[in-house]
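Quick notes on the structure that follows.
Quick note: the coordinates plus some simple rules give every number you see, no bench work behind them. What you see is a predicted model, and the numbers here were worked out from it, not measured in a lab. Cβ: placed from backbone, ideal geometry, glycine included. Neighbour counts: every protein chain shown.
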Amino acid sequence: MKQLFLIIYLMGFSAMYAQTGQNPKHADKVNAHKIAYITEKVGLSESEAQRFWPLYNSYQNDKENLKAQAYKNITADMTDREAEDQLGKYLDARARDVEMQKKFIDKLRAFMPARKILLLIEAERSFKVEILSKMSDKCKPGS
C-alpha cells in the first residue's frame, strides 16, 4: 500500500513539476500530489483515509471561502476608515479559522490518534514549503 502511494506521489509530483502555472490542470495535479503526500506522511490506513478525506476536503473548502472573505475588499486605494473596517473583518476571519480548526481536529480525534493529527499538521506545512521551493526553482534564471 505504501509503495502504491509513493508511486502516485512521485508520478504526480513529476507531472506537476513539468507543468507551468498557466496550465488549468495544474491545480488538479498539485491536489493529487498533496493527497498522496499527506496520505504517506500521516500513514493513513484505508479505513482512516475513507473517513479523513471527506472531512479534510470540506474543511479546506471552508477555509478557502473564509480566506476569500477576509481578503475580499483589500485594495490600495481604500480609505483609512475602510482599512480599519477591513482589518477588523480580517481578524474576525482569523478567529473563525482557529475555531474551524478546533472543530476539525475534534472530528479527527473520533478515529485518529493525536500523533497522526500532529503528523497531518506537519505534512501540510512541509508540503507548502516543498511546493514553494519548486516554484522558486522554476522562477530562477536558466530554469
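Structure summary
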{"read-out": "Subset of the stretch 69-101 [of a type in the set (A, V, I, L, M, F, W, C) and not in a helix (DSSP H, G or I)]", "value": "Ile74, Ala76, Met78"}
{"read-out": "Some residue of the stretch 102-115 being in a loop (DSSP other than H, G, I, E, B) and surrounded by 15 or more Cβ atoms within 10 Å (Cβ to Cβ)", "value": "yes"}
{"read-out": "Counted residues, the stretch 116-125 - those being in contact (Cβ under 8 Å) with a residue 24 or more places away in the chain and surrounded by 14 or more Cβ atoms within 10 Å (Cβ to Cβ)", "value": "5"}
{"read-out": "Flag if Lys63 is closer than 19 Å to Ile38 by Cα, in contact with an Asp or Glu (Cβ under 8 Å, 6 or more places away or on another chain) and basic (Lys, Arg)", "value": "yes"}
{"read-out": "Failed item in (1) touching a helix residue (DSSP H, G or I) at 6+ places or on another chain (Cβ under 8 Å); (2) part of a helix (DSSP H, G or I); (3) hydrophobic (A, V, I, L, M, F, W, C); (4) farther than 22 Å from Ala123 by Cα, with Leu55 passing the rest", "value": "(4)"}
{"read-out": "Residue check for Leu44: surrounded by fewer than 17 Cβ atoms within 10 Å (Cβ to Cβ) and either under 21 Å from Leu120 (Cβ atoms) or in contact (Cβ under 8 Å) with a residue 12 or more places away in the chain (or both)", "value": "no"}
